[in-house]
Amino acid sequence: MTSSEPKAEGGQTITSLVTNQTSTSTPAPNSTQDDLGNEKQKELSKWDKIYNALTYCPSRCRWDPNRPPQFSMSMNVLFAFAAGFTVANLYYNHPILNILAQDFGVRYEQVAQIPTVMQAGYAAGLLFLCPLGDLLPRRPFVCGLVFFTATMWLGLCITSNLSVFTAISFITAVTTVTPQLMLPLVGDLAPPNRRAAALSIVVSGLMLGVLVARVLSGTISNFVTWRAVYWMSLCLQYLIFILLWLFMPDYPATNPGMNYFRILWDILLMIPRHPVLVQACLAGMLCSAPFTSFWTTLTFLLAGQPYHYSSITIGLFGLIGIAGMLISPIWARRMTDRFVPHFSIIFGLSCSLLGVCLGTYIGTFNVAGPVLQALLLDFGNQTAQIAQRSAIYTIEPKRRNGVNTAFMVSTFCGQLIGTAAGNHIYATAGWIGSGSTSVGLISAALLVMFARGPWEERWVGWKGGWSLKKKNKDSADGKTSEKGNHVRHEKGWDEEEGAVEKVLEEVAAEDGNETPLHGDGESEKSSKEDVIRPAKA
């Protein structure tokens, strides 16, 4: 049967020719490329699954902007426990340096560098890791640091090489900055009118960890090997990781789009912008130096004339400071949250000054002097620093980790000054000489606080009056309408007509009443202006 289709040159039909050309011009898909693409997709999915598994957040901890997590007392205690036994990593080695020297078979001078190395690592963590709290979500960041520190800590438990021990000590000290990430998070989660009380509980846990670390380490090492102390710390760190993974809320990142180097540079730029931050940094540095100077030179005083106390007695002497730490949260709730932070800072510095005077000029002949100094200095120093944090956390709510970094670096410098200068002055002028230096430093801190009043907006002066009572009871510093600003930011409202009324209605609905933002009976107009003014500034 003959085909009726016309034929092209070469005897091919037109249909077959077109078909051949089409098949030539449109090549078949490359099966090898498809396979590679599928494998790549599977590989990406696998890494996504691993990341999701590592950063998994229980449903009760997930962030819901419409129903943010409530900052409860149990969460506050968890943060205090985590802060205490995390910062304790820096101090376990202090009372057992002689035992470490014997176990590693080296001179005492070679192990004496370990505390210095760990302090240097902690300073590096403050400078380069803490600012990341403003860039990254805090929950995976904090949990990741705790898990990494605990895993690296395993090397300290098993190594028998001093160089390896020193290197791992430095690395773990760098990542042992989680307490300084938790404190700004408490500032974000806690209600502004109860921020000082919440901060005081975490700071008390942190300071308690410093004391307990030394007591536990010295006591346990007298009965069993020093490695038992480090194995105990390893278990505690993994326990902290599990508890934080189960209960730490997934608070969103405050500056997800910022550059890391921009965040570091902005810490320097924010200092000249905020007089209250400079004031807090200077006062914090000046009052931290006497604190470390006292605890460094106290051993020399109690071991010599006229006391001749044993090392165990000297170690237990540090437990006196616990009383001051227990009083501090009560003061913060009753006084710091009710009055402007300026009042509590001056009161705390005054207590420290009184304690240093009693300890310096009575301590050479009566043990009551050092006892009173330990009690008043711990209470005063902690009270002042809690109030300082409560004041500075209001200046840039989205950069609280950067603000905290600036404050902690200044206080850390004060601690280094106190340790170095205290030992040197004690060697040349004795207990009274080092104590008199501390008196001068705390007096200088008081002058810094008296140079600028609580309502002054400039660098020096008392413009705005001497009143210590908060004008806005819902604010941490008594003058910033943080709650209104927080609601405005979360809801995404701008300053269009009626936005302020919407903010006030939302705040009143959350509080369950119709009270204005101000707690002193100011007019509604003043409240509205306070809500708008910080945004415009």
If you go through the stretch 445-463, how many residues are surrounded by 18 or more Cβ atoms within 10 Å (Cβ to Cβ), of a type in the set (Gly, Ala, Ser) and in a loop (DSSP other than H, G, I, E, B)?
-> 1
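Quick check on my filter: what residues within the stretch 251-285 are part of a loop (DSSP other than H, G, I, E, B) and free of Cβ contacts under 8 Å to residues at least 24 places away in the same chain? Before you say what the answer is, go through the steps one by one.
The initial filter retains those residues of the stretch 251-285 that are part of a loop (DSSP other than H, G, I, E, B), namely 251-259, 274.
257, 259, listed by residue number.
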Cross-chain or 6+ apart pairs with Cβ under 9 Å, the stretch 52-69 first and under 20 Å from residue 143 (Cα atoms), then exposed (fewer than 11 other Cβ atoms within 10 Å of the Cβ) and among the basic types (Lys, Arg) | 69/60
How many of the residues making up the stretch 404-433 are touching a Phe, Trp or Tyr at 6+ places or on another chain (Cβ under 9 Å) and modelled with pLDDT of 90 or more?
-> 3
When you scan the stretch 304-327, how many residues do you find that are open to solvent by less than 40 Å² (accessible area, probe 1.4 Å), modelled with pLDDT under 80 and more than 20 Å from residue 222 (Cβ to Cβ)?
-> 3
Can you tell me which residues in the stretch 101-124 are surrounded by fewer than 20 Cβ atoms within 10 Å (Cβ to Cβ) and among the small types (Gly, Ala, Ser)?
-> 101, 105, 112, 120, 123, 124
Does any residue in the stretch 208-220 that is of a type in the set (S, T, N, Q) come within less than 6 Å, Cβ to Cβ, of a residue that is part of a helix (DSSP H, G or I) six or more places away or on a different chain, and which pairs are these?
-> 217/95; 217/96; 217/229
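Modelled with pLDDT of 55 or more and not in a helix (DSSP H, G or I): is that true of residue 77 in this structure? Please lay out each step first, then the result.
Details: modelled with pLDDT of 55 or more: yes; not in a helix (DSSP H, G or I): no.
No.
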Across the stretch 426-444, what is the total count of residues that are crowded, with 21+ Cβ neighbours inside 10 Å and among the small types (Gly, Ala, Ser)?
-> 3
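With the requirement that a residue be under 21 Å from residue 455 (Cβ atoms) and either of a type in the set (A, V, I, L, M, F, W, C) or buried (at least 24 other Cβ atoms within 10 Å of the Cβ) (or both), what does the stretch 343-356 give you? Quick ask: steps written out before the conclusion?
Taking the stretch 343-356 as the starting set, the residues that turn out to be under 21 Å from residue 455 (Cβ atoms) are 343-350.
Scanning the stretch 343-356 gives 343, 344, 345, 346, 347, 348, 349.
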Yes or no: residue 429 assigned to a helix (DSSP H, G or I), over 25 Å from the mean Cα position of the chain (by Cα) and not hydroxyl-bearing (Ser, Thr, Tyr)?
-> yes
Checked pairs for the stretch 314-334, first closer than 14 Å to residue 387 by Cα, second modelled with pLDDT of 75 or more and of a type in the set (Asp, Glu), C-beta under 6 Å and 6 or more apart or across chains, list as none
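Do you know which of the residues in the stretch 434-465 that are more than 16 Å from residue 276 (Cα to Cα) and more than 27 Å from the chain's Cα centre (by Cα) is modelled with the lowest pLDDT? Even if it seems obvious, please write down each step before you answer.
The first filter runs over the stretch 434-465 and keeps only residues more than 16 Å from residue 276 (Cα to Cα), leaving 434-444, 465.
Going one step further and asking which of them are more than 27 Å from the chain's Cα centre (by Cα), we end up with 434-437, 439-440, 443, 465.
Details: 434: 90, 435: 92, 436: 94, 437: 93, 439: 95, 440: 94, 443: 95, 465: 74.
By that ranking, first place goes to 465.
Which of the residues belonging to the stretch 390-448 are under 30 Å from residue 136 (Cβ atoms) and of a type in the set (Gly, Ala, Ser)? Can you show your working first?
From the stretch 390-448, those under 30 Å from residue 136 (Cβ atoms) are 390-416; that's our starting set.
390, 391, 402, 406, 410, 414, listed by residue number.
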Matching residues in the stretch 48-100 (farther than 19 Å from residue 205 by Cα, open to solvent by less than 40 Å² (accessible area, probe 1.4 Å) and either under 15 Å from the mean Cα position of the chain (by Cα) or of a type in the set (S, T, N, Q) (or both)) number 1
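Can we say residue 243 is part of a helix (DSSP H, G or I) and in contact with a Pro (Cβ under 7 Å, 6 or more places away or on another chain)? Explain how you work it out, then say what you get.
Values: part of a helix (DSSP H, G or I): yes; in contact with a Pro (Cβ under 7 Å, 6 or more places away or on another chain): no.
So residue 243 fails the test.
Please find, among 229, 215, the residue that is β-branched (Val, Ile, Thr) and open to solvent by 20 Å² or more (accessible area, probe 1.4 Å).
Values: 229 fails: open to solvent by 20 Å² or more (accessible area, probe 1.4 Å).
Exactly one of 229, 215 is β-branched (Val, Ile, Thr) and open to solvent by 20 Å² or more (accessible area, probe 1.4 Å), namely 215.
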Report yes if residue 237 is assigned to a helix (DSSP H, G or I), polar (S, T, N, Q), at pLDDT 85 or above and closer than 30 Å to residue 459 by Cβ, otherwise no.
-> no
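The values are calculated or read from the model by the stated rules, or taken from the named source; none is laboratory data. None of the values given here were measured: they were computed from a predicted structure. Counting neighbours? That spans all protein chains shown, and the Cβs are built from the backbone with ideal geometry, glycine included. Ligands, DNA and RNA are excluded from the accessible area calculation, which covers all protein heavy atoms including side chains. Shrake-Rupley method; radii C 1.70, N 1.55, O 1.52, S 1.80 Å.
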